[in-house]
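Worksheet: one structure, shown below.
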DNA sequence: CGGCAACTAA
C-alpha cells in the first residue's frame with residue numbers, strides 16, 4: 001500500500017512536470033506504445049515490480065526518442081525503491097545514452113548494483129557520442145580490470161573511439177588483443193579494424209584484417225572498397241568491387257558511394273554512367289549520399305549536363321545537394337549559374353548554411369557583383385551567419401574584389417572570429433588595388449597579432465613589394481619565408497622571382513629560380529619577363545629554350561615575355577620567328593600585347609612602314625600601348641609626321657598624358673620645328689595638362705629617400721649638390737654634351753643645362769654615390785619615363801665612377817655599366 | 001540489453 005501511494009504521488013508530480021511542460025512528449029495514448037496514466041497503477045506487472053516490463057517500456061522510449069517519458073519511468077523506479085535486474089538497468093542506461101544525457105547515464109551506471117560487459121559498452125558509446133573519448137578509454141580499461149568478458153562488441157566500440165581519437169598506438173595493442181582472443185574472424189570486428197586502419201592510411205593491415213574475416217558480409221566488402229577508395233587506391237577499389245559482384249553480393253548505397261569516388265579517381269566517367277544505371281535499377285537514386293557522389297563525379301569531370309540531370313532528379317529538401325552545385329559552379333567559372341541556383345534554393349525554403357553562403361559569395365567576388373553581394377550580405381545577417389569566419393571572410397573578399405576596401409575593412413574591424421584567411425583576404429585586396437603600403441602595414445599587424453602567415457600571405461606581400469619596387473622589405477620577407485620553409489612553396493618562390501626582378505635585382509631573381517626544386521609555368525614566365533624588362537633579351541630567350549626542354553607548355557604570357565625580350569633587345573628575326581612559332585607550333589592566338597611587342601620591335605629597328613602595316617592588319621583596335629610603341633620608334637628614327645599621328649592617337653585616348661607631349665615636343669625640337677614646339681606647349685596649357693611631378697627614390701639602410709626635380713629639402717643637400725658639380729665636370733671631360741631639347745622651358749642653354757642637372761634621378765644618383773660603399777650597385781626608381789638627357793648623362797657617370805647603376809622607370813629597367821645601358825638606347 | 005561502412009568545403 002505504501003508503495004502504491006508513493007506511486008500515485010509521483011505520478012501527479014511527473015504529470016505536472018512533464019505533461020504540462022512538454023505536452024508533445026508526454027504520455028502518448030495515440031501511439032499505443034505507452035500505457036495511459038491509470039494503467040501505471042493498475043498494471044499487475046508494474047505493481048509486482050517487474051524488471052522485464054520496465055525494460056520493454058524503456059525500449060519503446062528509445063525507439064520513439066521519448067526521453068521525457070523515459071525519465072519519468074526512471075522516477076517511478078526510484079520512488080518505489082525498486083531494484084531492476086542488470087538487463088533492465090542496461091536498457092535504462094541506453095535510454096539516457098541515446099537521449100544524449102550522459103551525466104544521467106553515468107549516475108545510473110554508478111548506482112547499478114551489478115554491471116556486465118553490456119553496461120560498459122553502452123556507457124562507452126555514450127562517452128563516444130559526447131566526444132568524451134578519454135572517459136571511454138578509461139571505462140574500457142576498467143571493464144578489463146574488473147574481469148568482464150571481452151567480446152566482439154567491446155572491440156567494435158573501442159575501435160570506433162580510437163579512430164575518433166586518432167590514437168594509433170593503442171589501436172595496435174587492441175588489435176593484438178583481438179587476435180589473441182580470435183575475434184578477428186568476426187565480421188563486425190574485422191570491419192571495424194578495416195575502418196581503423198583505413199583512417200590511418202594503412203591499407204595493407206586493413207587488407208589483412210579483411211582477409212581474416214571468415215563470413216564476409218556486405219559491410220565488410222564495402223568497408224574494404226571504401227578503404228581503397230579513401231586512400232587513393234582507386235584501381236584496387238574497383239577490382240575488389242568486381243570481385244564482390246562475382247561472389248554475388250549486391251552492392252548497396254554505401255558501396256556505390258565509394259565506387260563512384262574510385263571511378264572519379266581513375267577518371268572513368270563512362271563506367272560511372274553504367275553504374276549510375278545500376279543504382280537507378282536498385283532504386284538508390286534517391287539516397288542523398290549516392291546523389292552527392294554522383295554530383296561529385298559529374299561536376300568534377302566537367303560534365304555539367306549530367307550533373308544537372310542528377311540534380312534535377314534527386315531530393316532537394318536538404319542543403320547538401322544545393323551547396324554542392326553552388327560550390328562547384330562557383331569554382332568552375334560559372335558564377336551566374338551559382339547565383340541562380342542560390343536564388344532557387346532561397347525560394348524552396350531550404351536554409352543555406354555557411355558553405356552555401358561562402359560558395360555563392362565566392363561567385364559574387366568572381367563576378368565583382370557588388371549589388372548581389374550586398375543582397376546576400378543581408379541574407380547572411382538575417383540567418384545570423386555573419387559571425388561565421390568563413391562567411392565573413394567571403395563577404396570581405398566580395399567587397400575587396402569590388403574595390404570597396406572600406407567596407408571590407410569595416411567587416412574586418414567588426415569580426416570577432418578571425419583566422420589567417422581573414423588577414424590574407426584584406427592583404428590580397430590591397431595588393432590587387434595597388435595599395436602595397438597598406439598591404440605591408442597590415443602584414444606587420446598580422447605578425448604582431450601572432451597570426452601565422454601562410455603561403456598566400458607571403459606571395460601577396462611579395463607582390464606588394466614588387467609593385468612598390470621595395471627591395472629591402474622584399475628581402476626581409478624573403479628571409480621570413482626561409483625561416484618558415486615557405487620559400488619551398490612554388491607560388492612563394494615565383495613571387496620572390498618577380499619581386500627581385502621588379503626591384504632591380506635580376507641576379508637574386510635568377511638565384512631563387514635556380515634554387516627551386518620544382519618549377520611551374522609561372523616560374524618560367526616570371527624569369528623570362530624578368531630578364532626581358534631588364535633588357536637581357538638573350539638570357540630571356542635562353543630561359544625560354546630551357547623551358548621547352550622541360551615539357552611545360554608555354555602560354556600567352558610566356559610569349560609576351562619572349563616577344564618583349566626580342567623587342568627590348570632588337571632581335572627582329574628571332575622575334576618574327578617566335579611570333580610565327582607561337583601561332584603555328586603552340587596554337588596560341590596572338591593577343592594585343594603580342595602585337596604591341598611586334599610593333600615596338602619593328603619600329604625600334606626603323607621598319608616604321610612595316611609597323612604601320614601590322615597595326616592595320618591586326619584583328620584588334622589598337623590600344624594606347626600600341627600607339628605609344630610607334631611614337632617611341634618615331635622619336636628614335638626622327639619620323640616627325642608619323643610621330644605626330646601616333647601622338648595624336650595617344651592623346652585621343654589619354655588626353656592628360658604628359659609624357660607624350662614631352663616626346664612630341666622633343667621630336668619637333670630635334671627637327672628644329674620651333675613653332676610646333678610652341679604649339680605643343682600651348683595646347684598643353686589649354687588642356688590643363690598637369691605635369692605629374694617626377695619622383696625618384698632610392699633605399700638606403702631601411703629608409704626610402706625621395707627626390708623631386710630641384711629638390712633642396714634633403715638633409716644631405718650640400719653634399720648632393722657638391723657631388724653633382726663634380727659629376728658635371730667629370731662627364732663634360734668624358735665627352736658628355738647636354739641635350740637641352742629635353743627642357744621645354746623657354747630659357748637659355750646654360751640655364752637648361754643647370755636644370756638638367758637637378759632632375760630627380762640625378763639627385764637620387766648623387767645621394768646613392770655618397771651613401772653606398774664603392775662597388776655596390778645603386779638602385780633608383782622613377783615614377784616617369786627616364787629623361788633622354790639623364791639617360792645619356794648616367795651612361796657617362798657609370799663609366800666615370802665605375803659603378804653599376806640600375807634605374808627602373810615607368811617602362812623598364814636600365815642597367816648602366818661602363819658607359820652603356822642594357823636598353824641599347826631604345827626604350 | 002550493446003557493436004562495423006558513405007556526402008559539399010571557403
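Read-outs throughout are calculated quantities, based only on the coordinates presented, and are distinct from any laboratory measurement. Predicted model only: the values in this text are computed from it and were never measured. No Cβ is skipped: glycine too gets one built from the backbone with ideal geometry, and neighbour counts run over all protein chains shown.
Any idea what the relative contact order of chain A is, in percent, if you count C-alpha pairs under 8 Å spaced at least 6 apart?
Relative CO of chain A lands at 4 percent.
Once fully extended, how much extra length lies between residue A:770 and residue A:686, figured as 0.36 nm per residue of separation less the alpha-carbon to alpha-carbon distance?
So the extension gain works out to 26.0 nm.
Just to confirm the number: angle between the C-alpha axis of helix A:506-515 and the first principal axis of chain A, 0 to 90 degrees, nearest 10?
30
Per 0.36 nm of contour for each residue apart, how much would the distance between residue A:273 and residue A:177 grow if the chain were fully extended, relative to their Cα-Cα spacing?
Between residue A:273 and residue A:177, full extension yields an extra 30.1 nm.
Taking the Cα centroid of the range A:301-321 and of the range A:626-692, what is the distance between the two, rounded to the nearest whole Å?
If we compute the Cα centre of each part, the gap is 60 Å.
Please give the Cα centre distance for the range A:333-357 versus the range A:249-265, rounded to the nearest Å.
Comparing the Cα centres of the range A:333-357 and the range A:249-265, I get a distance of 28 Å.
Per DSSP helix of 4 or more residues, -39500 (n - 2.57); summed, then divided by the residues of chain A. What does that give at 222 nm, rounded to the nearest 500?
Calculated from helices alone, the mean residue ellipticity at 222 nm is -21500 deg cm²/dmol.
So, R0 is 45 Å and r is the distance between the beta-carbons of residue A:817 and residue A:621; what FRET efficiency does that work out to, to 0.05?
For residue A:817 and residue A:621, the calculated efficiency is 0.65.
Multiply the residue separation of residue A:553 and residue A:583 by 0.36 nm, subtract the distance between their alpha-carbon atoms, and state the gained length in nm to one decimal.
Full extension from residue A:553 to residue A:583 adds 9.4 nm.
Report the label-to-label distance for residue A:266 and residue A:750 in nanometres (one decimal), using points 7 Å from each Cα along the Cα→Cβ vector.
With each label placed 7 Å out from Cα toward Cβ, I get 9.1 nm.
What is the range A:99-205's relative contact order, in percent, from Cα pairs under 8 angstrom and six or more apart in sequence?
22 percent.
Using the Cα gyration tensor of the range A:706-821, with a ≥ b ≥ c the square roots of its eigenvalues, what is the shape: rounded (a/c below 1.5), prolate (a/b larger than b/c) or oblate (neither)?
Rounded is the answer for the range A:706-821, as its axis ratio a/c remains below 1.5.
How high is the FRET efficiency between residue A:546 and residue A:476 when r is their beta carbon distance and R₀ equals 30 Å, given to the nearest 0.05?
Efficiency computed from Cβ-Cβ geometry: 0.50.
Can you give the angle from 0 to 90° between the axis of helix A:592-604 and the longest principal axis of chain A, with both taken from C-alpha atoms, to the nearest 10?
On a 0 to 90 degree scale, this one is about 20.
Classify the range A:418-489: rounded, prolate or oblate, from the alpha-carbon gyration tensor (a ≥ b ≥ c, eigenvalue square roots; a/c under 1.5 rounded; otherwise prolate if a/b is larger than b/c)?
Judged from the Cα gyration tensor, the range A:418-489 comes out oblate (a/c at least 1.5, b/c at or above a/b).
Could you check the simple spin-label distance between residue A:381 and residue A:166, using points 7 Å along Cα→Cβ, in nm with one decimal?
Label at residue A:381, label at residue A:166, 3.9 nm between them.
Only counting other Cβ atoms within 10 Å, I'd like A:438, A:452 sorted with the fewest neighbours first.
Placing the least packed residue first, the sequence is A:452, A:438.
Please work out the C-alpha center-to-center distance from the range A:63-98 to the range A:694-727 and express it in whole Å.
Centre-to-centre (Cα) distance: 88 Å.
What fraction of the DSSP beta bridges in the range A:706-821 is antiparallel, stated in percent and rounded to the nearest 5?
Of the beta bridges lying entirely in the range A:706-821, close to 60 percent run antiparallel.
Going by a ≥ b ≥ c, the root eigenvalues of the Cα gyration tensor, does chain A fall in the rounded group (a/c under 1.5), the prolate group (a/b larger than b/c) or the oblate group?
The shape class here is prolate.
How do A:487, A:449 line up, fewest other C-beta atoms within 10 Å first?
A:449, A:487
Express the C-alpha Rg of the range A:768-827 as a ratio against the empirical globular expectation 2.2 N^0.38 Å, rounded to two decimals.
1.03
On a 0 to 90° scale, report how tilted helix A:788-801 is relative to the longest principal axis of chain A, with both axes built from alpha carbons and the result rounded to the nearest 10.
Relative to chain A, helix A:788-801 is tipped by roughly 90 degrees.
Neighbour counts of other C-beta atoms within 10 Å: give me A:631, A:349 arranged from fewest to most.
A:349, A:631
Round to the nearest 0.05 the FRET efficiency obtained for residue A:490 and residue A:437 when R0 = 45 Å and r is the Cβ-Cβ distance.
Efficiency, rounded to the nearest 0.05: 0.95.
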